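The values are calculated or read from the model by the stated rules, or taken from the named source; none is laboratory data. Predicted, not measured: the structure shown is a model, and the values here were computed from it. A quick note on method: Cβ atoms are made from the backbone with ideal geometry, for glycine too, and the neighbour counts reach across all protein chains shown.
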Amino acid sequence: MIPGEFIALLTFPGVIVHEIAHQLFCRICRVAVFDVCYFRWGNPAGYVIHEKPRTINQQILIGIGPFLVNTLFAALIAFPAAIPVMDFDSGNFLDYLLMWLGVSIAMHAFPSTVDANTIWQAVKNKQTPLLVKILTAPLVGLIYLGAVGSMIWLDLFYGVGVIMLGPQILVNVLAGL
Amino acid sequence: MAKAINENFIFWQVKRTNRNLLVLNGLSLAGCLWLVVVWFLPLCRLMAGGARLSDELIAAIAILAPMFLVSAWNVWKGVVRAKNVSVHPIMRRLAQYGEPEKVRAEMDSAVKDFWILRSGPLLVVPQWLFYQTAFNLNIIATKDLMWMYKKCSSNQIGLIPAGNTYEAIFYLRSGKNLKVAAADKAVDQILNAVYSIAPWVVAGFAYESKTMWERKRGEFIATVDKRREELIKQPAMQQESAAQEIPLSQEEKYECRECGKEPEKGYEYLLCPACRSRLAARKLPAGIKAAAGVIFLLLAVSLSGLPPVLNAAVDFERGRRAEARNDYLAAKDAYQKVVERFGKHVPSLSRLAVSACYAGDAETADKAFSKLEGLKISQDLARELYAALDKLNALNGQEQP
């Protein structure tokens, strides 16, 4: 098994974007941030320490923020490089660099188990509306699945999937016009 | 560290760090020479024989030259320091505390007779902390210690807990910090030992202390210095009780923890609206902003070349769809556009050849087949191409090749 620190080092842009995403949602929700570590050699590879959000929805949003930001950002970065590399085997150095960035960022889209725990505590809270509980509980399950799945490289498959899916959908849509 | 407890502690550290520097860089230099013999020289010989290996040669030079220069520079430094220990960084560092020889003698004496705690690479003696690494010895005067606390990190691999790691963190007058990793109890022992010789140091973690250290460091240092002066003035018996009285955390008051103004309601952590907005809008470090700028620039460059590539991908997909509904004429036209952009793309060339054959366009098929010559294709694809060629020959009433 490859230690998580090495994988984090190889995919460090993803860790940085993950923490920036937490920070971004703290900013949107006006939640005070006390400390941020964008990357370090250790476990966890990065962290954001913030105050307890005022509402459950804010807590959930801050928790799942990286899932949204990392996925969209990875798809955007890898988009122009994915077609020449994957469809026509004609990528140049820049294309491969963007592909690495895209996969690295998408690999860290899954919130950590610490994030999942925070979201789960929020879901379990008695004050949380039933609708939010129903919508969020499966998400927490998925996050845990992602954490367990990282042992069988599920995060890597997700990363590759994200960068392939966007261009493929667009090409299929445009081909039908 | 056991060997370090001797009469010549500082000289021993100078020798140890210099020896490590020489051994590591000597090995690196030897490795460099070995690579020159087994890699660089054969490349030069091959190039002299007319082989085109300029890329390999550039790669060899790019790897070997910095490696050689850095190793040689470090070996030279090691040799100079071995001849004259006064130029060693450890000896030069002593100068900031006074006459180097006198300071060295004081340190040696303290280490020999008065050491308080040894824990891994850390040695605590009255007035000094020594922390050794492979190539360095960090020397910290206790008067430069400002803040210390214990840090516990919980580790996980996936969902499996992988234990905790503990560190004693020391913040220094210079703004730097020293992290000493050790076992749980050892970290407690270290902090207690340091507190026993420097009771003025702020002990324990609090966000208030962190905020003050980051934003009002001068004030933080002045407060610690004042506490130190007060403690030094007091008789020994009073010092201990005074140290106990130093508040490590303030009593909770209903006020903003940053500025003391009226806090915002509805939050557990007490902050006024202005301080909360400021902390929420924490700025990104300049390095990350610069890196993001570079990434967006690369992205823009890559996006500028996207339209023709995207058109080719769309044409390829359209060709596949046309082929699926047996509209070989449309498929041929679509694949032809792809081949104009990616002339050596085997799937596009082969689909163009097949579509042209079924569409009865011998000229296009001939061009596609000639471009496929010399390219690697699978056996299944070869069979499909031969079948298409048969179909074309049949359509044109020719004999099979």
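Assorted remarks:
- Subset of region A:73-124 (residues that are closer than 13 Å to A:G14 by Cβ and surrounded by fewer than 19 Cβ atoms within 10 Å (Cβ to Cβ)): A:W100
- Meeting the requirement of 2 or more residues that are of a type in the set (S, T, Y) and in contact with a Leu (Cβ under 8 Å, 6 or more places away or on another chain), the helices (runs of 4 or more DSSP H) wholly within region B:312-401 are B:346-359.
- Positions within region B:351-401 being over 51 Å from the mean Cα position of the chain (by Cα) and among the acidic types (D, E), in sequence order: B:D361, B:E363, B:D366, B:E384, B:D390, B:E399
- In region B:317-328, the residue that is farthest from the chain's Cα centre (by Cα) out of those that are at the interface with chain A (Cβ under 9 Å from one of its Cβ atoms) and basic (K, R) is B:R321.
- Output for region B:277-298, where each listed residue is more than 23 Å from the chain's Cα centre (by Cα), within 8 Å of chain A (Cβ to nearest Cβ) and outside any loop (DSSP other than H, G, I, E, B): B:S277, B:L279, B:A280
- Scanning region A:26-37 turns up no residue that is crowded, with 16+ Cβ neighbours inside 10 Å and in contact with a Phe, Trp or Tyr (Cβ under 6 Å, 6 or more places away or on another chain).
- Selected residue [within 28 Å of B:M91 (Cα to Cα) and at pLDDT below 90] from B:Q189, B:Q132, B:Q156: B:Q132
- Of the helices (runs of 4 or more DSSP H) entirely within region B:6-110, those holding at least 3 residues that are over 30 Å from B:F130 (Cα atoms) occupy B:9-35, B:41-48, B:54-83.
- Matching option when the condition is in contact (Cβ under 8 Å) with a residue 12 or more places away in the chain and either over 30 Å from B:A183 (Cα atoms) or surrounded by 14 or more Cβ atoms within 10 Å (Cβ to Cβ) (or both), among B:V75, B:V103: B:V75
- Only one of the numbered conditions (1) farther than 30 Å from A:R54 by Cα; (2) at pLDDT below 75 is violated by A:L154, and that is (2).
- A:F67 falls short of the stated requirement of being within 10 Å of chain B (Cβ to nearest Cβ) and touching a residue at least 24 places away in the same chain (Cβ under 8 Å).
- Odd one out for B:I295, checked against (1) among the β-branched types (V, I, T); (2) at pLDDT below 90; (3) over 30 Å from A:R30 (Cα atoms): (3)
- Just so you know, in region B:129-149 the residues that are in a strand (DSSP E or B) and aliphatic (A, V, I, L, M) include one that is nearest to B:L22 (Cα to Cα), and it is B:L137.
- The listed residues are A:F39, A:F25, A:F12, and the only one of them that is closer than 22 Å to A:A78 by Cβ, aromatic (F, W, Y) and touching a residue at least 40 places away in the same chain (Cβ under 8 Å) turns out to be A:F12.
- Condition met for B:A331 (touching a residue at least 24 places away in the same chain (Cβ under 8 Å) and within 14 Å of another protein chain (Cβ to nearest Cβ)): yes
- Residues that are within 14 Å of another protein chain (Cβ to nearest Cβ), at pLDDT 80 or above and farther than 15 Å from A:A32 by Cβ number at least 3 in the following helices (runs of 4 or more DSSP H) confined to region B:202-276: B:207-215.
- Candidate set from region A:33-64 (those that are more than 27 Å from B:N164 (Cβ to Cβ) and not in a helix (DSSP H, G or I)); member that is farthest from the other protein chains (Cβ to nearest Cβ): A:T55
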